[in-house]
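Structure, as structure tokens:
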Amino acid sequence: MMELGNEENNAPLIDLINIFKIYQMGTTEVRANDGISLTIYDGEFVAIVGKSGSGKSTIMNIIGALDIPTEGKYILKGQDVSKMKSDQLATIRNKTIGFIFQQYNLLPRQNLLENVELPLLYGGYGAKERKQLAMEALARVGIEDKWKNYPNQLSGGQQQRGSIARALVGKPSLILADEPTGALDSKTSREVLEFLKQLNEEGNTIVLITHDPTVAAKANRVVKMHDGKIVFDGTAREYKEQEAAG
């Protein structure tokens, strides 16, 4: 399997080393992740793809510092996340990772600007700087004119762009996108994927989680999971050829 990335004298941004996530279901041991090793370098656009039950959501939670592995080591930007306590994980999530969710996760009683400001509020930024950075992020995704609108006054595509702006506002090292097109129509999905590609071309590292092979193929590198293991790791072109071959 192929390892891709900007490896020239660079330490990995993400280094998963023999990761296991094991759950006990009565007398049955479930290995949601079963010995995952994966290296991702700064500037990559990687899709992690798999059907329901493949382990992709579990590895997403570990990459996103939402959970820790049962066994193995997770190094993110030089820090060992795998043994961190909940408050340390919260700091990593706030400072290092920008999240894009399928259902947008915008707070209905706050306008778009206030939603985008949230990571900065938790990060201790002052009101003036929060507003400036949030407006810059909204301008970057092309909806700065909607800053006063509440989520229910926005289309699905506008809400997802707001979610992307919120992910970008703290200038994170990693953008983690969980099924970002899952709630969108096909036209808007294409627009969001093109925008993610644009962000990657601007230097952002993106890890996209999806069940959809067509969406996965829009990334530069595809990691396919099955039964808690990585069964393919290569270029999008190689992935499409493999899928076509059955």
Flag if K187 is open to solvent by 80 Å² or more (accessible area, probe 1.4 Å), within 30 Å of P108 (Cβ to Cβ) and at pLDDT 90 or above
no
It is to be established whether one or more residues within segment 147-167 are part of a loop (DSSP other than H, G, I, E, B), under 20 Å from L113 (Cα atoms), at pLDDT 90 or above and among the hydroxyl-bearing types (S, T, Y).
yes
Specify the residue that is least open to solvent (accessible area, probe 1.4 Å); the eligible residues are those in segment 216-240 that are of a type in the set (K, R) and in a helix (DSSP H, G or I).
K240
Taking the condition at pLDDT below 95, more than 14 Å from the chain's Cα centre (by Cα), of a type outside the set (K, R) and farther than 21 Å from S52 by Cβ, does A244 pass?
yes
Wholly inside segment 8-58, strands (runs of 3 or more DSSP E) that include 3 or more residues that are over 22 Å from R237 (Cβ atoms) and among the hydrophobic types (A, V, I, L, M, F, W, C) are 14-25, 28-40
Which one is surrounded by the fewest Cβ atoms within 10 Å (Cβ to Cβ), of the residues in segment 83-105 that are in a loop (DSSP other than H, G, I, E, B) and free of Cβ contacts under 8 Å to residues at least 60 places away in the same chain?
K85
E117 being among the charged types (D, E, K, R), buried (at least 21 other Cβ atoms within 10 Å of the Cβ), at negative phi and part of a helix (DSSP H, G or I):
yes
Collect the residues in segment 93-114 that are out of contact with any strand residue (DSSP E or B) (no Cβ under 9 Å at 6 or more places or on another chain) and either at pLDDT 95 or above or on the phi < 0 side of the Ramachandran plot (or both), keeping them in residue-number order.
N94, K95, Q103, L106, L107, P108, R109, Q110, N111, L112, L113, E114
For segment 114-132, state whether one or more residues are touching a helix residue (DSSP H, G or I) at 6+ places or on another chain (Cβ under 9 Å), of a type in the set (S, T, Y) and more than 16 Å from P172 (Cβ to Cβ).
no
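The values are calculated or read from the model by the stated rules, or taken from the named source; none is laboratory data. What you see is a predicted model, and the numbers here were worked out from it, not measured in a lab. We place every Cβ from the backbone using ideal geometry, glycine too, and count neighbours over all the protein chains shown. When the accessible area is computed, the model is the full protein with side chains, heavy atoms only, and any ligands, DNA or RNA have been set aside. Shrake-Rupley method; radii C 1.70, N 1.55, O 1.52, S 1.80 Å.
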